[in-house]
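First comes the structure, then the notes that go with it.
The values are calculated or read from the model by the stated rules, or taken from the named source; none is laboratory data. These figures come from a predicted structure and were not determined experimentally. Note that we place each Cβ from the backbone using ideal geometry, even for glycine, and neighbour counts take in every protein chain shown. Keep in mind that these areas ignore ligands, DNA and RNA; they rest on the heavy atoms of the full protein, side chains included. Shrake-Rupley method; radii C 1.70, N 1.55, O 1.52, S 1.80 Å.
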Amino acid sequence: MPENRTVARLLVESLEAHDVDRVYCVPGESYIGLTSTMVERNSIQVAVCRHEAGAGFMAAADGRMRDRAGVAMVSRGPGLANGLVAMHSAWHDATPLVMLIGQVERPDMGRLALQEQNYSRLLSDISKEVIEVNEPEQASEAVARAFHLAESGTPGPVAVVLPEDIFDEETATPLASPRPRPVPGPRPDDVEALIAMIEAAERPLLLAGGAAMADAVRDPTLFGDLMRLAERWVLPVVPTHRRPQLFDYDHPNHGGYMGLRVPQELLDEMKRSDLMIALGERLTDSVSQSYTFPTAPEPQLPLVHIWPDPDEIGRVWRPALGIAASPHEVVKALLARPAPADGARRQSWVDGLHKTHRRLLEQPWEPAEDGVNFSAVVAEIGKHLAPDATVTSDAGNFATFLHRHIGFRQGQVFLASVVGAMGSGMPMAVAAAIRRPGTQVVAFMGDGGALMMGNELATACQYGAALIAVIADNGMYGTIGMHSHLRYPGRPFMAGTRLTNPDFAAWARSFGAEGITIEAESQVADAVARAFAVRSHPVVMHVRSSPLQISAWQRYEDGDRLP
């Protein structure tokens, strides 16, 4: 017979069984029985954060780096409310996340007790499941079910609600073991149909996205298999939004990057395609260029949609062929078959895409007169990135500079909120620096995002997370300014987006980090070299960037500088 143990201990043992070695949290009274047991048992690191959104983003990043659900713990009511942005991001990004949520004591439920919330209602639209643990016997089973749901099919966040008075109760319920994750494979008929479509195409386009990246984290041989498939079958591979590390930028079969605001020259070339294969790409408005390529719901070209969850295939677009399977299993199935004999006829198509991609990536920039062109900083940082470096990006127009000037490679890690939630850049970098000590971690963020979750720099200092945070300070919410200018030309768009910022270098030093300021392009090379030379503590690079250089591809005219 299993021994009696407290629910808190059973929960910790259940997390251990699921290979959880770290949880992120802002300590709260509603689950203090759980954290005190974790600290006493000392098998799982309790990473104490400064904001629940930061804890959630760290857990999401941690899960993405391991291809298993990261874990965050939040207290009831306001604690969860603060963490909702991370759950929303995980839901849209198809990122596995288990959120452990404190709740009021069971006798008080329904009385509007302090900070009480109906989580099933609140989280119904941004979670795969809300599991309420109201009996001690349910605790371990709830954890096993949460991890299974978070990691299976279309991954996403799962909430486990734990009343404050349950942790000290005892139970003899045995530990619920982790459930094997199913790996769906393609049907032989689907493989045959896909081969026939590739053989018939003269200008195919293979989009590689998030589910393919998850497969690669679980089994890195996908990287080499994808490269061999591209070479043998003469296919251009196009990494999609926030997944640039799926294919080496300088490989001759790299066909460009399909993210936000693709340069028109490259997009026009891509639109000549006569077959689109979405390999592990969920397909969103960001990737589809606002549902225009492919057009929704009827694509303007044959679409093959490969995703591990059949419910996602056909939800928005009507594909010519839908394959509910692991992207890697599809790649392996194709590699097991002879390559088409006439694939060489596609070589000029592949070469043309790659030539356009490289020309845009290597295009020089023009210095700006009203601040530093952020291109200069990003391009210099790109020279220093190691083959196993991690890059994180917050949301904002500054991210376009990364995809224009950094040539990402397989083996590097890129972390960001795919759905574009601001504030993710710093906490994701903290998680990466803790998870991958001794490797380079560089976080890019704007001045807006920096003051949303930049306070997690304190967490970086606390845990010795030696990261480099690069803040593009143009004194405004740049993306919103751009949209205002494009939609309402002639109006004073900057007035509604202006920001008053601190001296970010001095701000960094107040945390115990190193602070470096860049005010001119002549300072860039030395400043970047100095930042990368630091190995023991965080560094913040404060870049006084040009407001007129609104993105990597667009600059306002002098006459657009409005009050």
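In the set (1) closer than 27 Å to residue 303 by Cβ; (2) out of contact with any Phe, Trp or Tyr (no Cβ under 8 Å at 6 or more places or on another chain), the condition left unmet by residue 198 is number (2).
Is it the case that some residue within segment 45-56 is over 21 Å from the mean Cα position of the chain (by Cα) and closer than 15 Å to residue 16 by Cβ? Scanning segment 45-56 turns up at least one residue that is over 21 Å from the mean Cα position of the chain (by Cα) and closer than 15 Å to residue 16 by Cβ. Figure legend. Inter-residue proximity from segment 283-306: first residues closer than 15 Å to residue 264 by Cα, second residues in a strand (DSSP E or B) and among the aliphatic types (A, V, I, L, M), beta-carbon distance below 8 Å, spacing 6+ or different chains. Indicated pairs: 287/207; 287/258. Picking from 130, 158, 183, which residue would you name as being open to solvent by 20 Å² or more (accessible area, probe 1.4 Å) and in a strand (DSSP E or B)? Result of the check over 130, 158, 183: 130.
Take the residues of segment 408-442 that are in a loop (DSSP other than H, G, I, E, B) and of a type in the set (A, V, I, L, M, F, W, C): which is modelled with the highest pLDDT?
Our first condition is that a residue be in a loop (DSSP other than H, G, I, E, B); within segment 408-442, this holds for 408-409, 411, 417-424, 436-440.
In the following step, the residues that additionally are of a type in the set (A, V, I, L, M, F, W, C) were identified as 408, 418-419, 421-422.
Values: 408: 97, 418: 93, 419: 92, 421: 93, 422: 94.
The residue in question is 408.
Selection over segment 435-456 of residues that are touching a strand residue (DSSP E or B) at 6+ places or on another chain (Cβ under 8 Å), touching a residue at least 60 places away in the same chain (Cβ under 8 Å) and buried (at least 24 other Cβ atoms within 10 Å of the Cβ) gives a count of 2.
Evaluate segment 2-25: report whether one residue or more is assigned to a loop (DSSP other than H, G, I, E, B), acidic (Asp, Glu) and modelled with pLDDT under 95. Step through it out loud before you land on a result.
Our first condition is that a residue be assigned to a loop (DSSP other than H, G, I, E, B); within segment 2-25, this holds for 2-4, 18-21.
Narrowing the set further to residues that are acidic (Asp, Glu) leaves 3, 19, 21.
Now restrict to residues that are modelled with pLDDT under 95: 3.
Yes: one or more hits.
Within segment 320-353, track down each residue that is open to solvent by 30 Å² or more (accessible area, probe 1.4 Å) and part of a helix (DSSP H, G or I). Please lay out each step first, then the result.
As a first pass, look at segment 320-353 and keep what is open to solvent by 30 Å² or more (accessible area, probe 1.4 Å): 320, 322, 324, 329, 332, 335-339, 341-342, 344-345, 347-348, 351.
Listed by number, the residues that qualify are 329, 332, 335, 344, 345, 347, 348, 351.
For segment 380-401, residues that are touching a helix residue (DSSP H, G or I) at 6+ places or on another chain (Cβ under 7 Å), at pLDDT 95 or above and either of a type in the set (D, E, K, R) or in a helix (DSSP H, G or I) (or both) total 5. Just to be sure before I move on: is residue 278 in contact (Cβ under 8 Å) with a residue 24 or more places away in the chain, within 25 Å of the chain's Cα centre (by Cα) and more than 19 Å from residue 293 (Cα to Cα) in the structure I sent? It is false that residue 278 is in contact (Cβ under 8 Å) with a residue 24 or more places away in the chain, within 25 Å of the chain's Cα centre (by Cα) and more than 19 Å from residue 293 (Cα to Cα). Taking the numbered list (1) open to solvent by 10 Å² or more (accessible area, probe 1.4 Å); (2) modelled with pLDDT of 95 or more in turn, residue 97 passes all entries but (1). One residue alone among 362, 366 is more than 30 Å from residue 25 (Cα to Cα), touching a residue at least 24 places away in the same chain (Cβ under 8 Å) and open to solvent by 30 Å² or more (accessible area, probe 1.4 Å), and that residue is 366. Restricting the first member to segment 518-541 and to residues that are among the charged types (D, E, K, R), and the second to residues that are open to solvent by less than 70 Å² (accessible area, probe 1.4 Å) and part of a loop (DSSP other than H, G, I, E, B), the beta-carbon pairs closer than 6 Å and six or more apart or on different chains are 535/466.
If you go through segment 117-126 and pick out every residue that is surrounded by fewer than 17 Cβ atoms within 10 Å (Cβ to Cβ) and assigned to a loop (DSSP other than H, G, I, E, B), you end up with 3.
Can you tell me which residue in segment 115-167 is farthest from residue 84 (Cα to Cα), limited to those that are more than 24 Å from the chain's Cα centre (by Cα) and hydroxyl-bearing (Ser, Thr, Tyr)? The selected residue is 140.
Within segment 246-286, track down each residue that is among the β-branched types (Val, Ile, Thr), open to solvent by less than 20 Å² (accessible area, probe 1.4 Å) and at pLDDT below 95.
Keep residues of segment 246-286 that are among the β-branched types (Val, Ile, Thr), which gives 262, 277, 284.
From what is left, the residues that are open to solvent by less than 20 Å² (accessible area, probe 1.4 Å) are 262, 277.
Across segment 246-286, the qualifying residue is only 262.
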